[in-house]
Amino acid sequence: MLIGTVQFAPRYGQPEANRAHVAALVAGVSADVLVLPELFTSGYFFQATADARAAAEPVPKGPSCAWLIEQARATGTTFVAGLPERGPEGGLFNSAVIVPPDGPVTCYRKIHLYNEEKLHFAPGRQPPPVVDLTARDGTSYRLGLMICFDWFYPEVARSLALRGADIIAHPSNLVRKNCPRAMPIRALENRVFTVTANRYGSESNGKATLTFIGQSQACAPDGELLYRAPRVGDAADVVEIDPAEARLKRVTAHNELWEDRAPATYSS
Ligand code: ACM
């Protein structure tokens, strides 16, 4: 099956323009799973909570989810994308959705908010999802989801893998340099595929400027990098994988990844 990332520089507060930009980037790209960045509709560095609220949408009834459903149905691709969510009670969440061509939308609210995100969003308190899906050639796979700074908490990738994820989709707006080096380790220590979609460009909130580091990438269960996009520039990259490789948890003749865990010794 084919999995990939869409890297671009979202325009602040311009969801329609951002959706149109992604549509142009993915036109003609053949993939079973395409991961877009965190907050792909809105941009990232909110100047005020009012800007986050103005960009936030209900899920799955909002215009960006409707657009993702349309894209998924038209192409047979499962889209994974980050967007600001307005919950039924009015709460704001930094969320991401899994949108298959023929199934329900799954939403995940980011648990580990990064820095000023805490000024605008409430943290998610539900476990990150693992969804059973089927690729266009009939291959079954299990897709897990986490968002950007969740990478800093290895528990998230571990719990997704323990619950059977073959592939971890990772919509991101990375600013720290370490994540591109850390994700091969998340892949290795859990023996799963990881797909990190990052943005590039800079944004200012009026007081500070953030520069996003691009380098969207996919990693294999042996910790190898399957591809990495440049630091700057639009990219829609795809790689062929066999998700069954992520179910081989044997490390040596005497080590099986899950059997050798000793959670009672480190549960505290
Ligand atoms: C981040 O979590 N967007 C750094």
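Where a number appears in this text, it was derived from the coordinates with a stated rule and is not lab data. If you're wondering where the values come from, they're calculated on a predicted model, not measured in any experiment. When we count neighbours, we look across all protein chains shown, and the Cβ atoms used for this are built from the backbone with ideal geometry, even at glycine.
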inquiry  = Given the DSSP H assignment, sum -39500 (n - 2.57) over each helix run of at least 4 residues in the chain and divide by its residue total; what's the result at 222 nm in deg cm²/dmol, nearest 500?
reply    = -6500 deg cm²/dmol
key: Karplus-derived HN-Hα couplings along segment 166-177 (A = 6.51, B = -1.76, C = 1.60, θ = phi - 60°), whole Hz, x at Gly and Pro   = 8, 10, 10, 7, 9, x, 9, 10, 6, 10, 7, 6
request  = Using only Cα atoms, find the angle between the long axis of helix 63-75 and the longest principal axis of the chain, and express it within 0 to 90 degrees, rounded to the nearest 10.
outcome  = 50 degrees
key: Charge dipole magnitude, Cβ of K and R +1, D and E -1 - the chain, Cα centre, debye nearest 20   = 600 debye
inquiry  = Taking amide H atoms as placed 1.01 Å from N in the peptide plane, list the residues 5 or more away in sequence, or in a different chain, whose amide H sits under 5 Å from that of residue 131.
reply    = 143, 144
remark   = Looks like segment 176-268, by Cα gyration tensor root eigenvalues a ≥ b ≥ c and the a/c under 1.5 rounded cutoff (else prolate when a/b is bigger than b/c, oblate otherwise), is oblate
note = Here segment 203-209 yields Karplus 3J(HN,Hα) values (6.51, -1.76, 1.60; θ = phi - 60°; whole Hz; Gly and Pro given as x) of 9, 10, 9, x, 10, 9, 10
task = In Å³ and rounded to a whole number, note down the convex hull volume per residue for the Cα atoms of segment 1-145.
result = 101 Å³
Relative contact order, percent, segment 1-156 [alpha-carbon distance under 8 Å, six or more residues apart] = 19 percent
inquiry  = What are the ³J(HN,Hα) couplings of segment 11-25, residue after residue, when phi is run through the Karplus curve with 6.51, -1.76, 1.60 and θ = phi - 60°? Round to Hz, x for glycine and proline.
reply    = 8, 4, x, 10, x, 5, 4, 5, 5, 5, 5, 5, 4, 5, 5
key: Label-point separation in nm, residue 152 to residue 20, each point 7 Å along Cα→Cβ   = 3.6 nm
inquiry  = Let me check I have the definition right: for the chain, take the eigenvalues of the Cα gyration tensor, multiply each by 5, take square roots. What are those semi-axes in whole Å, largest first?
reply    = 28, 21, 18
query = Using Cα pairs under 8 angstrom and six or more residues apart, how large is the relative contact order of the chain, in percent?
reply = 20 percent
